[in-house]
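K.L.:
One structure coming up, written as structure tokens, with questions to follow.
The values are calculated or read from the model by the stated rules, or taken from the named source; none is laboratory data. In this text, all values refer to a predicted model and were calculated from it rather than measured experimentally. Note that each Cβ is placed from the backbone with ideal geometry, even for glycine, and that neighbours are counted across all protein chains shown.
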Amino acid sequence: MTWVPSMKHILTICVATLLPAVLPLSAADKPSKPNVLFIIVDDLTTTLGCYGDRDARTPHMDALAARGVRFSRAYTQFALCNPSRCSFLTGCYPERTKVFDLTTSLRKALPDVVALPQLFKNAGYTAGRIGKVFHVPDPKTKLDVELGAPLHKDGQILDEAKLAERSEGDLSDPPHDSSHGKSYNRCYAASSHPDRDFTDYQIADEAVQTLKSFKAKPFFLAVGFIRPHTPYVAPQRFFDLLDPKKIMMPPFYQPDGENISHIPKAALRPNNNVFRFQAPNPKEAREARRAYLASTAWVDSQVGRVLAKLKELHLDDNTIVLLTGDHGYQLGEHGLWAKQTLFEEGTRVPLIVTAPGVKPGVSAGLVEQADIYPTLAGLAGLDIPKHVQGITLQPLLADPAAKGKQVVFSTMVSTHTKLIGRSVSTDRFRYIEWDEGRGGRQLYDHESDPHELTNLADKPMQAERVQRMHNRLANHVKTRSGE
């Protein structure tokens, strides 16, 4: 006799079949918290292949950008190491941190603020920082791993490279004695030292070892590389990648040069980062730009080592990777060879984000480094502290075509006049004022003048725009200075 199942049996079978799909996931089945790898490259501006620099040799950072979202218009809040880092490590503008120099601790104005690495540590993450993350050490950020950078190593390599130049008959850049030891007018040189002798190689080594020790639990790891900060030193093969005669130079060094007479005195800082004692001739300017690009190519190779280890450990699919420079940098534009300016080159930064579920894309929306803190917190599912003044970039990561901010802000203290300068940028215009305009104003139309060669601030037809931008800066200072 053939058995025919009753309706009761059919329902039992259906429920048993569907049950695994509707029951809550067990703790073992739930996806783990995403890891965070935060890479900061000192003095790195947008001289990367993925940002359209034709002379750049940066395959590893370019590959990272190709699998994440590249923000083409990201800006620092202050083009100097300590103020910038205090800003993005707290999510606050400099008007709130009150950090405007290289020595002030963020704790003076924000004694109880939870810095970004500590936020993750407090949330149960294994947390560490390697290399240069904070500029001024922060005693209240206590992590599982805290390793500094042997900054003296590359200085010794520069001394040896300069000595080698002199032994070959080049006496054009003799050493100058200073309180910090030997100093050179041209702070760059190629080296015959092996990779392992350089600062950034050691930082990458420690990052690789830390990733291996962190792999079992959700982690937050900040890695701060040093080059292309001066001195621009790197192994010789990275210099060999570039022919200085073919390097694209900015308008200042092109035929007919650039008229800088219309630029306020406060905006044209003295050069003391690369050419410390006298201005470069065109040949030296090409050599310096080549050396910066070679140093960038060198640090790219070390970033590549860390990313390769992340992949080798099978951590890349569940790791948020955010890469940025701490500010922009002038490489001969307006005759400047330094940071600490309010021009486009001094304030625009690379910003690349990859994360689980984030599709590749390019966002042209205006964003700021103050947005880094809430973005990483939001992507990891952490509550964003109330003190944070930046906003999460998650909507732009989900849809890179979405609108960014209406305006972005940067602050500066002129190195020689000591006037406070501030800039506000829209998607088309940049406005800069020094001492609330008393020390000079600058207005540039990026649609017709992307290199900021023509100052429109005194044009009668721009008077209304100048006043509107001035009011925006005044409101920014008023609203961002307090809690």
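K.L.:
Would you check which residues across the range 274-312 are touching a Cys at 6+ places or on another chain (Cβ under 7 Å) and within 30 Å of ALA63 (Cα to Cα) and list them? Give the derivation first.
P.N.:
Here is the first cut: in the range 274-312, the ones touching a Cys at 6+ places or on another chain (Cβ under 7 Å) are 274, 276.
Selection gives VAL274 alone.
K.L.:
Is it fair to say PRO350 is closer than 20 Å to ALA127 by Cβ and either crowded, with 20+ Cβ neighbours inside 10 Å or touching a residue at least 12 places away in the same chain (Cβ under 8 Å) (or both)? Full working, then the answer.
P.N.:
Values: closer than 20 Å to ALA127 by Cβ: no; either crowded, with 20+ Cβ neighbours inside 10 Å or touching a residue at least 12 places away in the same chain (Cβ under 8 Å) (or both): yes.
Here the answer is no, as PRO350 does not meet what is asked.
K.L.:
For the range 214-236, enumerate the residues that are surrounded by 14 or more Cβ atoms within 10 Å (Cβ to Cβ) and more than 22 Å from PRO350 (Cα to Cα).
P.N.:
The initial filter retains those residues of the range 214-236 that are surrounded by 14 or more Cβ atoms within 10 Å (Cβ to Cβ), namely 214-215, 218-235.
Across the range 214-236, the qualifying residues are PHE214, LYS215, PRO218, PHE219, PRO235.
K.L.:
Right, next: Kindly provide the set of residues from the range 162-192 that are surrounded by fewer than 19 Cβ atoms within 10 Å (Cβ to Cβ) and either over 22 Å from GLU287 (Cβ atoms) or within 30 Å of the chain's Cα centre (by Cα) (or both), ordered by number.
P.N.:
Of the range 162-192, the ones surrounded by fewer than 19 Cβ atoms within 10 Å (Cβ to Cβ) are 163-183, 185, 192.
Listed by number, the residues that qualify are ASP177, SER178, SER179, HIS180, GLY181, LYS182, SER183, ASN185, SER192.
K.L.:
Right, another one. Filter the range 129-154 for residues that are of a type in the set (A, V, I, L, M), in contact with a Ser or Thr (Cβ under 8 Å, 6 or more places away or on another chain) and surrounded by 23 or more Cβ atoms within 10 Å (Cβ to Cβ) and give the result.
P.N.:
ILE130
K.L.:
Using beta carbons and a limit of 6 Å, which pairs, at least six apart or on different chains, have the first residue in the range 471-483 and modelled with pLDDT under 95 and the second one in a helix (DSSP H, G or I)?
P.N.:
SER481/GLU95
K.L.:
Could I ask something else about it? Among the residues of the range 361-406, count how many are under 23 Å from GLY68 (Cα atoms) and either acidic (Asp, Glu) or not in a loop (DSSP other than H, G, I, E, B) (or both). Let's see the steps before the verdict.
P.N.:
So in the range 361-406, the residues under 23 Å from GLY68 (Cα atoms) come out as 361-382, 384, 390-405.
Applying the additional criterion that residues be either acidic (Asp, Glu) or not in a loop (DSSP other than H, G, I, E, B) (or both) yields 361-363, 366-379, 394-399, 405.
Qualifying residue count, the range 361-406: 24.
K.L.:
Now for a separate question. For the range 40-146, which fully contained helices (runs of 4 or more DSSP H) count at least 3 residues that are more than 30 Å from ILE432 (Cβ to Cβ)?
P.N.:
Details: elements: 59-66, 81-90, 94-97, 116-122.
Correct list: 59-66, 116-122.
K.L.:
Consider PRO228 carefully, then state whether it is in a loop (DSSP other than H, G, I, E, B), of a type outside the set (Lys, Arg) and either touching a helix residue (DSSP H, G or I) at 6+ places or on another chain (Cβ under 9 Å) or modelled with pLDDT of 95 or more (or both). Explain how you work it out, then say what you get.
P.N.:
Values: in a loop (DSSP other than H, G, I, E, B): yes; of a type outside the set (Lys, Arg): yes; either touching a helix residue (DSSP H, G or I) at 6+ places or on another chain (Cβ under 9 Å) or modelled with pLDDT of 95 or more (or both): yes.
Yes; evaluated as a whole, the condition is true for this residue.
K.L.:
Hey, another quick one. Please find, among VAL208, VAL223, the residue that is assigned to a strand (DSSP E or B), within 23 Å of ASP42 (Cα to Cα), touching a residue at least 60 places away in the same chain (Cβ under 8 Å) and under 26 Å from the mean Cα position of the chain (by Cα).
P.N.:
On the way: VAL208 fails: assigned to a strand (DSSP E or B).
Answer to the selection: VAL223.
K.L.:
Please find, among ALA279, ALA266, ALA288, the residue that is out of contact with any Pro (no Cβ under 7 Å at 6 or more places or on another chain) and either among the aromatic types (Phe, Trp, Tyr) or in a helix (DSSP H, G or I) (or both). It would help to see each step written out before you state the result.
P.N.:
Values: ALA279 fails: either among the aromatic types (Phe, Trp, Tyr) or in a helix (DSSP H, G or I) (or both); ALA288 fails: out of contact with any Pro (no Cβ under 7 Å at 6 or more places or on another chain).
After ruling out the rest, the residue left standing is ALA266.
K.L.:
If you don't mind, another one. Considering every residue within the range 112-128, establish whether at least one is over 30 Å from ASP205 (Cα atoms) and either surrounded by 23 or more Cβ atoms within 10 Å (Cβ to Cβ) or modelled with pLDDT of 95 or more (or both).
P.N.:
Of the residues in the range 112-128, the ones over 30 Å from ASP205 (Cα atoms) are 112-113.
From what is left, the residues that are either surrounded by 23 or more Cβ atoms within 10 Å (Cβ to Cβ) or modelled with pLDDT of 95 or more (or both) are 112-113.
There is at least one residue in the range 112-128 that is over 30 Å from ASP205 (Cα atoms) and either surrounded by 23 or more Cβ atoms within 10 Å (Cβ to Cβ) or modelled with pLDDT of 95 or more (or both).
K.L.:
PHE409 is checked against (1) at negative phi; (2) assigned to a loop (DSSP other than H, G, I, E, B); (3) within 23 Å of the chain's Cα centre (by Cα) and fails just one. What number does that condition carry?
P.N.:
The one condition PHE409 does not meet is (2).
One line per residue, one yes/no per condition, for (1) over 23 Å from GLY346 (Cα atoms); (2) β-branched (Val, Ile, Thr); (3) in contact (Cβ under 8 Å) with a residue 12 or more places away in the chain; (4) surrounded by fewer than 20 Cβ atoms within 10 Å (Cβ to Cβ):
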position	(1), (2), (3), (4)
VAL299	no, yes, yes, no
LEU307	yes, no, yes, no
ASP317	yes, no, yes, yes
GLY325	no, no, yes, no
